[in-house]
1. Among all residue pairs at least 6 apart or on different chains, which show Cβ distances below 7 Å where the first residue, located in the stretch 132-152, is farther than 18 Å from Arg85 by Cβ and the second is of a type in the set (S, T, N, Q) and open to solvent by less than 50 Å² (accessible area, probe 1.4 Å)?
2. Only one of Ser128, Ser132, Ser61 is within 27 Å of Arg147 (Cβ to Cβ), under 44 Å from the mean Cα position of the chain (by Cα) and either in a helix (DSSP H, G or I) or modelled with pLDDT of 95 or more (or both). Can you tell me which?
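The values are calculated or read from the model by the stated rules, or taken from the named source; none is laboratory data. If you're wondering where the values come from, they're calculated on a predicted model, not measured in any experiment. Don't worry about glycine lacking a Cβ; one is built from the backbone with ideal geometry, like all the others, and counts go over all protein chains shown. With ligands, DNA and RNA removed, areas are computed over all heavy atoms of the protein, side chains included. Shrake-Rupley method; radii C 1.70, N 1.55, O 1.52, S 1.80 Å.
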Amino acid sequence: MGTAERQEALEDGVAARSTAQRRREAPDRDIAADGGMTTGGGESPRGSAEPAAAEFEERGSARAAAQQQEDYRPLWIEEPARRRRLPDPVRTAAVRAVLIIAVTLIQATVAFLCTMAGSWLAFPMVISSVVSTVVATWGALDVWVTRQMWNQRNGVISEPSSTARALRRERRRAQRQARAGERAQERIARKSGAGQLSHS
C-alpha cells in the first residue's frame, strides 16, 4: 500500500468517526430542542444511530482488509528443483575443486603481471602456479572419482543384463532336467524293488 493510499484510508477513517459522532450527538440535540422526549414508548434515535455507525466502521475495515489482500504479493514463488541435489561427498569435492581452481587462476594472473612488470616475484609465482595447476587437475579428477564411487555404492541399481539372464535360464533348465532324471531313476528303482519283493 502506497503513502497516498494510506493517507486516503486515514482520511476515510477520520471522516467516518466524525460522522458517527455527529449522528450520536444529533438525537440528543433534537430531544433537548423538543423539550425532552421520553423514551418510554419506543427506541430512542441515539440507540438507532450507534449500530449504524458500528456497521459503517465494519464495512470500512472490511474494505481496507480486502484492499490489502489485493495489494499483497509474495516476495518469491517456490518452484520444484530441476535437478536433484548432489550427494554430500560429491558436493564437498566439487567445492574444494572450485576453490583450488580459483586460487590457481589468481596465481596465474599474478605471475603474468609480475612477468610483464619484471618483478622478482615472477619466478616463484610461476612455480607455484604450475604446482597449483597440478593440484587443480587432481581436484577435478577427485570430483569425478567421488561421484563414480557414490553411484556404485548408493545410486546404481544392479540389474542383470540380458546375457546373464539367458545364462541363468539355461542353468535352471539344466538343473530341472537333472532333478527330473534323478526322480525318474528313483521311481524306477522303487518299482523294481517292489516287484522283486512280490515275486519272492
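1. Pairs found: Ser132/Thr104; Ser132/Gln107; Thr133/Thr104; Ala136/Thr104.
2. Numbers: Ser128 fails: within 27 Å of Arg147 (Cβ to Cβ); Ser61 fails: within 27 Å of Arg147 (Cβ to Cβ).
Ser132 is the lone residue from the list that is within 27 Å of Arg147 (Cβ to Cβ), under 44 Å from the mean Cα position of the chain (by Cα) and either in a helix (DSSP H, G or I) or modelled with pLDDT of 95 or more (or both).
Condition check ((1) at pLDDT below 85; (2) open to solvent by 90 Å² or more (accessible area, probe 1.4 Å); (3) on the phi > 0 side of the Ramachandran plot) across all residues:
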| residue | (1), (2), (3) |
| --- | --- |
| Ala136 | no, no, no |
| Gln148 | no, no, no |
| Gly155 | yes, no, no |
| Glu170 | no, yes, no |
| Ala174 | no, no, no |
| Ala180 | no, no, no |
| Arg183 | no, yes, no |
